[in-house]
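A.B. asks: Right, I'll just put the structure down here and ask away after.
The values are calculated or read from the model by the stated rules, or taken from the named source; none is laboratory data. Computed from a predicted model, the values in this text were never measured in an experiment. Don't worry about glycine lacking a Cβ; one is built from the backbone with ideal geometry, like all the others, and counts go over all protein chains shown. For the accessible areas, the whole protein counts, side chains as well, though only heavy atoms, and no ligand, DNA or RNA atoms are used. Shrake-Rupley method; radii C 1.70, N 1.55, O 1.52, S 1.80 Å.
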Amino acid sequence: MYAITGITGKVGGELARVLLENGLPVRAVLRDVGKADAWAARGCDIAIAAMNDAAALTKAFQDTDAVFNLMPPVFDPEPGYPEARAVIDSVVTALMTAKPLKVVSLSTIGADAGQDNLLSQHTMAEAALRAMPIPVTFLRAAWFLDNASWDVASSGETGVMHSFLQPLDKAIPMVASQDVGGVAAELIQESWTGHRIVELSGPEPLSPDDLAAIFAEALGKPVRAEPVARETWETLFLSQGMRNPGPRMRMLDGFNQGWISFRNGEHQAVKGRTTAAEVIARLIAAAGKS
């Protein structure tokens, strides 16, 4: 039995799809009971548990060959990351009690960065999971290509893709969520001992200029990338409702300044197969249906 948290998202959903198609038993760990019937219809065992509910998670993780751990994203955390700490404590308690044979935990590029930033929540999670006597694989994924969903409207309506990633010609590792789920499905079926790190990127690093060119090709109209000035970020994020934009800003600085990166270099990372053109085409199509 493979217990999957975050199964309603793109990564967890793809992981579940691959395992189910291979005839493997999947337990869908859901926070919303209203989504249970749909996953049960696909052949999943069902467990209802919030990620900060250690008792419910323990039941969800019991009698499993492996657990896929996906922390709920917190983009506007309180100082000190209390939201992440609560989830990490709950997950560790549940894992130590349920004792699955192994764990694959979704982490991120930059989880080993020395400077505090939004991704430090994954740094904390890795440290806590490493203290367990259970085999753990940390899947450190690159910047998600699916983040380009935020650029679909402006690219189509104004021909401008506003970018926090700068300079515009600087390429960074990016990966499709589909590939993250697919690689997680491969890893979770493997056997290993101790703790290991697997870094995952897409077929090639990409810059904002590259993404704008792909949008232009997909939309059949000119699209250009424009930088969002660094000195405007805090005011902009606060106006959008954020209360503590500092960690997000430092994360973007980390990508732009290069201190958020793969520990062994992008060329040594596992490579996904899904191209940016495929992802952007799907995002545009999905926006057209909404």
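A.B. asks: When region 125-147 is examined, which residues are found to be more than 14 Å from the chain's Cα centre (by Cα) and either polar (S, T, N, Q) or not in a strand (DSSP E or B) (or both)? First the steps, then the outcome.
C.D. replies: Taking region 125-147 as the starting set, the residues that turn out to be more than 14 Å from the chain's Cα centre (by Cα) are 126-137.
Across region 125-147, the qualifying residues are Glu126, Ala127, Ala128, Leu129, Arg130, Ala131, Met132, Pro133, Ile134, Pro135, Thr137.
A.B. asks: So, in region 212-226, of the ones that are part of a helix (DSSP H, G or I) and open to solvent by less than 40 Å² (accessible area, probe 1.4 Å), which residue ends up nearest to Ile284 (Cα to Cα)?
C.D. replies: Quick first cut of region 212-226, residues part of a helix (DSSP H, G or I) only: 212-219.
Okay, now just the ones that are also open to solvent by less than 40 Å² (accessible area, probe 1.4 Å), so 212, 214-216.
Values: Ala212: 13, Ile214: 11, Phe215: 9, Ala216: 11 Å.
Checking each candidate, the answer is Phe215.
A.B. asks: Further, regarding this structure: Filter region 244-285 down to the residues that are among the charged types (D, E, K, R), crowded, with 16+ Cβ neighbours inside 10 Å and in a loop (DSSP other than H, G, I, E, B) and list them by number.
C.D. replies: Result: no residue meets the conditions.
A.B. asks: Take residues that are more than 21 Å from Arg130 (Cβ to Cβ) and tell me which of the strands (runs of 3 or more DSSP E) falling wholly in region 12-88 contain 2 or more.
C.D. replies: Where strands (runs of 3 or more DSSP E) fall fully within region 12-88 and carry at least 2 residues being more than 21 Å from Arg130 (Cβ to Cβ), they are 26-30, 45-48.
A.B. asks: Please work out if Ala229 is out of contact with any Phe, Trp or Tyr (no Cβ under 8 Å at 6 or more places or on another chain), open to solvent by 20 Å² or more (accessible area, probe 1.4 Å) and without any contact (Cβ under 8 Å) to a residue 40 or more places away in the chain.
C.D. replies: yes
A.B. asks: Looking at region 109-143 only, could you name the residues that are among the hydroxyl-bearing types (Ser, Thr, Tyr) and open to solvent by less than 10 Å² (accessible area, probe 1.4 Å)?
C.D. replies: Result: Thr137, single match.
A.B. asks: Something else: If I filter region 243-290 down to residues being of a type in the set (S, T, N, Q) and modelled with pLDDT under 95, which single residue comes out as nearest to Ala218 (Cα to Cα)?
C.D. replies: Going through region 243-290, the residues of a type in the set (S, T, N, Q) turn out to be 244, 256-257, 261, 264, 268, 274-275, 290.
Subset that is modelled with pLDDT under 95: 264, 268, 290.
Working: Asn264: 33, Gln268: 30, Ser290: 18 Å.
Of everything passing the filter in region 243-290, Ser290 is nearest to Ala218 (Cα to Cα).
A.B. asks: Which residue is surrounded by the fewest Cβ atoms within 10 Å (Cβ to Cβ), if the candidates are limited to region 65-83 and must be farther than 19 Å from Tyr2 by Cα and of a type in the set (Phe, Trp, Tyr)?
C.D. replies: Of everything passing the filter in region 65-83, Phe75 is surrounded by the fewest Cβ atoms within 10 Å (Cβ to Cβ).
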